[in-house]
Structure formats: C-alpha cells, structure tokens
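K.L.:
So that we are looking at the same thing, I have put the structure below in structure tokens.
The values are calculated or read from the model by the stated rules, or taken from the named source; none is laboratory data. Not measured: the values here are computed from a predicted model. Backbone-built Cβ (ideal geometry, glycine too); neighbour counts: all protein chains shown. The area values use the complete protein model at the heavy-atom level, side chains included, leaving out ligands, DNA and RNA. Shrake-Rupley method; radii C 1.70, N 1.55, O 1.52, S 1.80 Å.
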Amino acid sequence: MKIICRCEDITEEEIVQKINEGYHTMDDLKRILRVTMGLCQGKGCRKHIAKILSRELNIPIKDIVQPTYRPPVKPIPVSATADKE
Amino acid sequence: MNNTSDAIIIGGGIIGCATGYYLTKKGFKVNLLERAYLTAGSTGRCIGGIRQQFSTPLSIKVAMESMKKFGTMRDELKQDVEFHQGGYLFLAHSEEKKQTYMKLIEIQREMGIDVSFIGLSEIERLVPGIDPTGLLGGAYCPTDAQANPFLIVDGYAKAIKERGNVFPYKDVTQINVQKEKVVSVTTRDNETYFAPVVINAAGPFARDIAQMVDIDIQVYPERHEAMITEQMERFFDMMVVDYRPDGCYFNQKWPHGSVIGCYTPIPNVPGYDLGTSFEFAREMGRRMARLIPRLGNTKIIRHWSGSYEMTPDGNPILDKSDVDGFWIVGGMCGHGFMLGPEIGWLAAEYITEGKAPYDITEFALHRDFTGKEVMK
Ligand SMILES: Cc1cc2nc3c(=O)[nH]c(=O)nc-3n(C[C@H](O)[C@H](O)[C@H](O)COP(=O)(O)OP(=O)(O)OC[C@H]3O[C@@H](n4cnc5c(N)ncnc54)[C@H](O)[C@@H]3O)c2cc1C
Ligand code: FES
C-alpha cells in the first residue's frame, strides 16, 4: 500500500481503482477522491498522480491536464488577512 | 442510437443531474450534455449547506421534501454522500432580526420543522468560543444539514448512464425548433442530439440557453466568493449564519473539519466573472474571527468564486415554455444545491405526468416577480 496523497491519505490502489471505474482526468480524481485539495494544495501529489494516470491510460505525461490552481498559493492564516480591531 | 433519447438535459450541475436521475427512474432515456465536466458550474463551487428554514409555505415545503431525499440518498445512490445533519443557526444581533426570526419560526414550526429561538447560553454551548458581544440569540434548526455535491452529482450521473448518457465537454450552441416544437440540439463540435423534450438546466447560463429559442427569462448571474481552511478538529456542528451587512456564513465540513464559508457582497457583483478578490480573503477572515476568535489561528488553503443565479423575487423557475417540449429548471438563487433533489423530482413528475404533483405556480415562468423570499 503506497500513500500518494499524504494530505488526504489516499493510496495508489484507490487511485488506480477510480481510474478503472472511468475517472480519467486529474479533475475527475480531484473531485471524487479529494487528491490535490489538501493543505499542500497538491504540491506533494500532483506529479505522482499524473504519472499514475499516464501509466494506467497509456497516454504521454505532457497530455495530462492539471486542475486549476486556486489562490492563495501558500496557506495564509486567517489572522494575517483579518484586521485586528 | 446514442444521439436519440426521450429527453436532453443541458447542464451537468445538481439540477440537471437530479432531474435526469428522476426522469431515468420514470423510464426515460436521458442524454445529458455538459459544456465542461460535471459540477463545473455553481454546483462544484457551492459550500454544500442544506436547510429548511425558509420564509414561504412553498419554499419551506420544497426544502423539507428535499431534506428527506438527502436523508435516503446514500441507500438510493448506493454511495456515501457525506450527508450530515449538524443544523443551521441564524444569529440575531438586533431586536429587529430577532423579531423576524421569531415570526418565521412560527410558520416553520406549523409546517413541522424542528426549529426554535435559542438563547445565549445555548449558543455558547453549541459553538464553543463564540464571541457573545451584541448577540441576542438565534434561530436554530438541528436537522438542517450539509452534504458533498461532487459525490451526489456523481451518483446521479451513474444512474442516468444506466439508460442514457452523460456527455462532458458538449457545449450546446443551438436548439432546433420546428413548428414551435423542439426537435434537437446542436453542440459546438457539430453533433446533433434528438429528443422531444429539452430541459434548460444551465444554472447561471439559463438565460443564454433560453435565448436560443427566443425566450427571455429573468435569471441573472451574481458572483459569490468562497474559501476553505485547513482541516481541524470539529468543534461546532452547524452552519453559523451571520446576516449582518458585514456578516458571513460558514460550517465545518463533515467529516474532515475544514471550515468552508462565504458572504454575500454588498453591493452585489453582477455578471459571469469568476475571479477572486484579495478583499474577500481579508474580509472573510476578519468576519469569521470576529464571531469565533479562535478561527483566527487557522489557515485558508483555497479561495474561489461561483455564480448565484438570481431571479427578481428569489424563487426558482420550474416550468414549460411557449416552445413545446422546452422546459426551464433554473434560477435557484443560491439555493440550488439544497433544493436540487426535490426540484429534480418535481421537474421529472411535471414532465412525465403533465402536471406538477403539488401547486408550484409560484415557480411559473410567466409570473409577477415582485414578491420576495426573505431567507435569501
Ligand atoms: C460560493 C457559493 C456558495 C453556495 N452555497 C450554497 C449552499 O450552501 N447551499 C445551496 O443550496 N446552494 C449554494 N450555492 C448555490 C448553488 O451552488 C447553485 O444554486 C446550484 O449549484 C445551481 O445548480 P444548477 O445545476 O442549476 O447550476 P450549475 O451547477 O451551474 O450547472 C449548470 C451547468 O450548465 C453548464 N452549461 C452552461 N451552458 C451550457 C451550454 N451551452 N451547453 C452545455 N452545458 C452548459 C455549465 O457548465 C454548468 O455545469 C452556492 C453558490 C456559490 C457560488
Ligand atoms: S499530498 Fe495531495 S494535497 Fe497534499
């Protein structure tokens, strides 16, 4: 059992299973498994997931479309944005 | 033939997918066409709140029936949808708000909702660490809830595929009408799909779709931003709603504990733009930390925006139109997720049986739009 997304605790087996069920894009996997949506915002797992997709579906890694990056790029503390009254 | 079906649905959000699901249950073969991927519209951008606290008998009834459908969804769709009844709490920071809530509670209780006005000590017990400054109490319904829109749409779509098809990346550009009757729709890649029934479930884009058959409907998009924090231990269970002009609403996601929330900007931001503003991140942080100071220590990890699909009176549109076979199910006014299951069921019943199972004239296409849903 190999953990691929540490933030959301998702294993390679789970990802491969979903690919076999027909979830064939990074966006599909993100929405069904929460991968890339954790604290690191996918920095730790995006590349690995793209590799797995490329291997399982036999498509070149450059053709794997990455989901949208949402700001903030780094997590920001609520208090850093909140004015102290 | 994959290109022919009993009905075509335009839009793969909660409304299109719920309508498709119930039509499929009624024996229809449905072809659902989505411009991008399922949940690409407002549904994938919403914060997943489900409540029954509305202000008119019809909206309350629809919300209550919808809640029942969320409750049995796990068994129906044979998958977990992260449905959790943690409640909704509407805070009253003024005597006027308190009176409004008390009046609504009367109507809501009469219709059978378990809702009451609770005092400060109860609120402090339910939301540990809340700042009681200026707070007079709140309208609390413990059976209000939350669920995961991605898993629900996924479950509905699987069921639609048992008879029909779900086609992602199919952008509808034309609806073909012959003798005042819809016959087919054409997509940007020049495919044509045939069906005697075409349902406009395009959410914020419902008006553009209706224009393809020369019908003008009053659905206008408005931008709403939202954010989510890192996961943390769950310490409050309900959606906390602060309706002051500089208020906000948020809950802790089930089961992971991230805080997800948004606020309604004043003035509102009309249009299709889905950008994000630094002002929102700063304001949302300030407003949350003002209510629950300990949230000031958490981190926002994502921030995005989506569209509310507003009608002038705050009620949805669910109706046939002057073009035979062309239906409109939209204008959910920012409540499409919570109302979706019941709206989808109502639409499927109306379409297959020729009449709605109960009186929904308040959702008619040709109505006087001057009324108001107070619990917007
Ligand atoms: C920040 C935010 C928070 C919210 N929070 C809540 C909440 O807590 N509870 C709640 O109940 N509601 C909430 N809402 C509102 C809710 O998200 C919407 O009311 C609901 O998702 C509408 O669903 P829909 O299916 O009508 O529209 P959508 O989900 O927008 O689906 C319409 C689909 O149609 C597609 N489409 C458009 N044009 C075409 C075309 N030409 N061809 C093919 N497809 C097309 C779009 O791509 C889109 O996927 C929130 C909304 C926002 C923005
Ligand atoms: S490792 Fe996947 S989101 Fe952080």
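K.L.:
Which residue pairs have Cβ atoms closer than 6 Å, lie 6 or more positions apart in sequence or on different chains, and pair a first residue in region B:43-67 that is more than 12 Å from ligand 1 (Cβ to nearest atom) with a second residue that is open to solvent by 20 Å² or more (accessible area, probe 1.4 Å)?
P.N.:
B:SER55/B:VAL374; B:LEU58/B:GLU362; B:ILE60/B:MET111
K.L.:
Does A:ASP63 qualify as being of a type in the set (Asp, Glu) and either surrounded by fewer than 19 Cβ atoms within 10 Å (Cβ to Cβ) or more than 11 Å from chain B (Cβ to nearest Cβ) (or both)? Give the steps one after another, and end with the answer.
P.N.:
Details: of a type in the set (Asp, Glu): yes; either surrounded by fewer than 19 Cβ atoms within 10 Å (Cβ to Cβ) or more than 11 Å from chain B (Cβ to nearest Cβ) (or both): yes.
So A:ASP63 fits the description; yes.
K.L.:
Kindly list, by first and then second residue, each pair from a residue in region B:16-40 that is closer than 19 Å to A:ASP27 by Cα to a residue that is open to solvent by 40 Å² or more (accessible area, probe 1.4 Å) and among the polar types (S, T, N, Q), limited to pairs with Cβ atoms under 8 Å and residues at least 6 apart or on different chains.
P.N.:
Sorted first by the residue in region B:16-40, then by its partner, the pairs are B:TYR37/A:THR25.
K.L.:
I would also like to ask the following. Taking the criterion of being assigned to a loop (DSSP other than H, G, I, E, B), under 23 Å from the mean Cα position of the chain (by Cα) and on the phi > 0 side of the Ramachandran plot, would at least one residue in region B:362-376 satisfy it? Give the steps one after another, and end with the answer.
P.N.:
Step one: filter region B:362-376 for residues assigned to a loop (DSSP other than H, G, I, E, B), giving B:364-376.
Add one more test, that the residue is under 23 Å from the mean Cα position of the chain (by Cα), and what stays is B:364-376.
Imposing the further condition that a residue be on the phi > 0 side of the Ramachandran plot reduces the set to none.
The answer is no, given that none of the residues of region B:362-376 is assigned to a loop (DSSP other than H, G, I, E, B), under 23 Å from the mean Cα position of the chain (by Cα) and on the phi > 0 side of the Ramachandran plot.
K.L.:
What's the total number of residues in region B:257-283 that are more than 9 Å from chain A (Cβ to nearest Cβ), out of contact with any helix residue (DSSP H, G or I) (no Cβ under 8 Å at 6 or more places or on another chain) and under 17 Å from B:THR229 (Cα atoms)?
P.N.:
Qualifying residue count, region B:257-283: 6.
K.L.:
Which of the following residues is farther than 27 Å from B:GLY275 by Cβ and open to solvent by 50 Å² or more (accessible area, probe 1.4 Å): A:ILE52, A:ILE19, A:ILE10, A:ILE3? I'd like the intermediate steps shown before the answer.
P.N.:
Values: A:ILE52 fails: open to solvent by 50 Å² or more (accessible area, probe 1.4 Å); A:ILE19 fails: open to solvent by 50 Å² or more (accessible area, probe 1.4 Å); A:ILE10 fails: open to solvent by 50 Å² or more (accessible area, probe 1.4 Å).
From the options A:ILE52, A:ILE19, A:ILE10, A:ILE3, the qualifying one is A:ILE3.
K.L.:
Another one. Check region B:28-50 and report whether any residue there is more than 30 Å from A:PRO67 (Cα to Cα) and assigned by TED's automatic domain parsing to the domain that holds B:THR187.
P.N.:
Initial filter on region B:28-50 (more than 30 Å from A:PRO67 (Cα to Cα)): B:28-29.
Then keep just the ones that are assigned by TED's automatic domain parsing to the domain that holds B:THR187; that gives B:28-29.
Within region B:28-50, one or more residues are more than 30 Å from A:PRO67 (Cα to Cα) and assigned by TED's automatic domain parsing to the domain that holds B:THR187.
K.L.:
Looking at the structure I just gave you, is A:LEU33 in contact with a helix residue (DSSP H, G or I) (Cβ under 9 Å, 6 or more places away or on another chain), away from every other protein chain (no Cβ under 14 Å) and either polar (S, T, N, Q) or in contact (Cβ under 8 Å) with a residue 12 or more places away in the chain (or both)?
P.N.:
Details: in contact with a helix residue (DSSP H, G or I) (Cβ under 9 Å, 6 or more places away or on another chain): yes; away from every other protein chain (no Cβ under 14 Å): no; either polar (S, T, N, Q) or in contact (Cβ under 8 Å) with a residue 12 or more places away in the chain (or both): yes.
For A:LEU33, the condition - in contact with a helix residue (DSSP H, G or I) (Cβ under 9 Å, 6 or more places away or on another chain), away from every other protein chain (no Cβ under 14 Å) and either polar (S, T, N, Q) or in contact (Cβ under 8 Å) with a residue 12 or more places away in the chain (or both) - is not met.
K.L.:
Continuing with this model, one more query. Kindly establish whether B:VAL329 is within 15 Å of ligand 1 (Cβ to nearest atom) and of a type outside the set (Ser, Thr, Tyr). Walk me through it before giving the result.
P.N.:
Numbers: within 15 Å of ligand 1 (Cβ to nearest atom): yes; of a type outside the set (Ser, Thr, Tyr): yes.
Taking the combined requirement at face value, the residue satisfies it.
K.L.:
Continuing with the same structure: Go through region B:109-206 and tell me which strands (runs of 3 or more DSSP E), entirely inside it, have 3 or more residues that are of a type outside the set (A, V, I, L, M) and either at pLDDT 95 or above or loosely packed, with under 15 Cβ neighbours inside 10 Å (or both). Even if it seems obvious, please write down each step before you answer.
P.N.:
Details: elements: B:116-118, B:137-141, B:165-167, B:172-178, B:181-187, B:192-194, B:198-200.
In region B:109-206, B:137-141, B:172-178, B:181-187, B:192-194 are the strands (runs of 3 or more DSSP E) which contain 3 or more residues that are of a type outside the set (A, V, I, L, M) and either at pLDDT 95 or above or loosely packed, with under 15 Cβ neighbours inside 10 Å (or both).
K.L.:
From the list B:ASP324, B:ASP313, which one is more than 16 Å from ligand 1 (Cβ to nearest atom), farther than 24 Å from A:PRO72 by Cβ and touching a residue at least 60 places away in the same chain (Cβ under 8 Å)? Spell out how you get there, then give the answer.
P.N.:
Values: B:ASP313 fails: more than 16 Å from ligand 1 (Cβ to nearest atom).
The match here is B:ASP324.
K.L.:
Then there is this: Would you please name the residue that is farthest from the other protein chains (Cβ to nearest Cβ), looking only at residues in region B:19-39 that are under 14 Å from B:GLY155 (Cβ atoms) and near ligand 1 (Cβ under 8 Å from one of its atoms)?
P.N.:
Among those that are under 14 Å from B:GLY155 (Cβ atoms) and near ligand 1 (Cβ under 8 Å from one of its atoms), it is B:LEU38.
K.L.:
Here is a list: B:GLY13, B:GLY49. Which entry is within 12 Å of the chain's Cα centre (by Cα), within 14 Å of chain A (Cβ to nearest Cβ) and away from ligand 2 (no atom under 16 Å from the Cβ)?
P.N.:
After ruling out the rest, the residue left standing is B:GLY13.
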